[in-house]
Amino acid sequence: MLPPCRDDSILEGPLEISPLPSGKTWNGRIAYLDRDGVLNNASENYINSPDEVKILPKASSAMGDLRRSGFRICVVTNQSPIGRGIWNHDVLYSINKRIRKLLLDQDKDAIIDLLLYSPYAPWENSWARKPNPGMLEAGRQILEHAEKSPGSDNNLFFGNDWKDRPDESSSIMVGDLPTDMMAAEAHGVRGLRCDPEIGLSGVIMNVLGVEK
């Protein structure tokens, strides 16, 4: 199966989530976001260190707007440099830590509730690597469990083993590549493809229905 990895914990471990802004009650909507080309700059040669990270214009405020509108944020990112042996999980953690900090520096509500990644190379055929929906499947289950049973471990199911699936029609997936849109379709969420030079801010009005 080759399951996804979680940025700050073992995959099945408890997740502590921050309250939504203004005391909003979560109604189950998730914004699944790709990372590079959506929140920060993308590169054909990968983002290889924290120093290479640049947050895309207005990405922080767009992400804050999503959470202020009641969405939970689940970043789902393919990171094959690990599987290719270019660098390791610790390097990725340092990059993600930098992204989280820069987002929050610009908007206090731009909190990533959950960050999942696929460390596998394309030839490993992992269910967790987009265009497959494994990261989205895990994200839904982890976030729902954190809301309903805080402090307890997760018991995750993937693919045909996951029988009791919720309706995902009110959730979204934002990405800059066809593989992101294919993962969205496989998981049953609305897919929005953005320009990697603009990122999340370029499609936020399509999500919220108002111009930002």
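Values in this text are rule-based calculations from the coordinates and carry no lab data. Keep in mind that this is a model prediction, so the values were computed, not measured. Quick reminder, even Gly has a Cβ in these numbers, built from the backbone with ideal geometry, and neighbours come from all protein chains shown.
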> Going toward the positive end of the dipole of the range 46-121, with +1 on Lys and Arg Cβ and -1 on Asp and Glu Cβ, which of Gln79, Ala121, Leu66 do you reach last?
Replying inline: Leu66
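So between Lys97 and Trp123, what do we pick up on full extension, going 0.36 nm a residue minus the alpha carbon distance?
On the way: separation 26, 0.36 × 26 = 9.36 nm, distance 2.80 nm.
Between Lys97 and Trp123, full extension yields 6.6 nm more.
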> Is the shape of the range 3-64 rounded, prolate or oblate, going by the alpha carbon gyration tensor and its root eigenvalues a ≥ b ≥ c, with a/c under 1.5 for rounded and a/b larger than b/c for prolate?
Replying inline: oblate
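So how do 183-192, 17-26, 50-59 stack up, highest first, on mean other-Cβ count within 10 Å?
Descending mean neighbour count gives 183-192, 50-59, 17-26.
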>> Binning at 10 angstrom from zero up to the longest distance, how are the C-alpha pair distances of the range 165-208 distributed in percent?
In response: 30, 53, 16, 1
> How big is the charge dipole of the chain about its Cα centre, in debye rounded to the nearest 20, if each Lys and Arg gets +1 on its Cβ and each Asp and Glu gets -1 on its Cβ?
Replying inline: 340
> Taking a point 7 angstrom from the Cα of Asn88 along the C-beta vector, which residues in the range 1-30 have backbone N less than 18 Å away?
Replying inline: 5-10
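Please report the equivalent ellipsoid semi-axes of the chain, computed as sqrt(5 x eigenvalue) of the Cα gyration tensor, largest first, in whole Å.
On the way: eigenvalues 96, 93, 58 Å².
Working from the Cα gyration tensor, I get semi-axes of 22, 22, 17 Å.
Which of the three applies to the range 90-197, rounded, prolate or oblate, going by the alpha-carbon gyration tensor with a ≥ b ≥ c and a/c under 1.5 meaning rounded? Don't jump to the answer; show the numbers that get you there.
On the way: a/c = 1.39, a/b = 1.14, b/c = 1.22.
Verdict is rounded for the range 90-197.
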>> Could you derive backbone 3J(HN,Hα) for the range 100-111 from the dihedral phi with the Karplus parameters 6.51, -1.76 and 1.60 (θ = phi - 60°), listing whole Hz in sequence and x where the residue is Gly or Pro?
In response: 4, 5, 5, 4, 5, 4, 8, 7, 5, 9, 7, 9
> Within the set Lys108/Lys130; Lys108/Lys148; Lys58/Lys148; Lys58/Lys108; Lys24/Lys97; Lys54/Lys97, which residue pairs have Cα atoms separated by over 21 Å?
Replying inline: Lys108/Lys130; Lys108/Lys148; Lys58/Lys148; Lys24/Lys97
>> Could you sort the peptides 63-76, 193-206 by per-residue average Cβ neighbour count (10 Å cutoff), highest mean leading?
In response: 63-76, 193-206
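Between Asn45 and Ser152, take the C-beta separation as r, use R0 = 41 Å, and let me know the FRET efficiency to the nearest 0.05.
0.50
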>> Place a point 7 Å from the Cα of Asn27 along the Cα-to-Cβ direction; which residues of the range 34-76 have their backbone N under 17 Å from it?
In response: 65-73
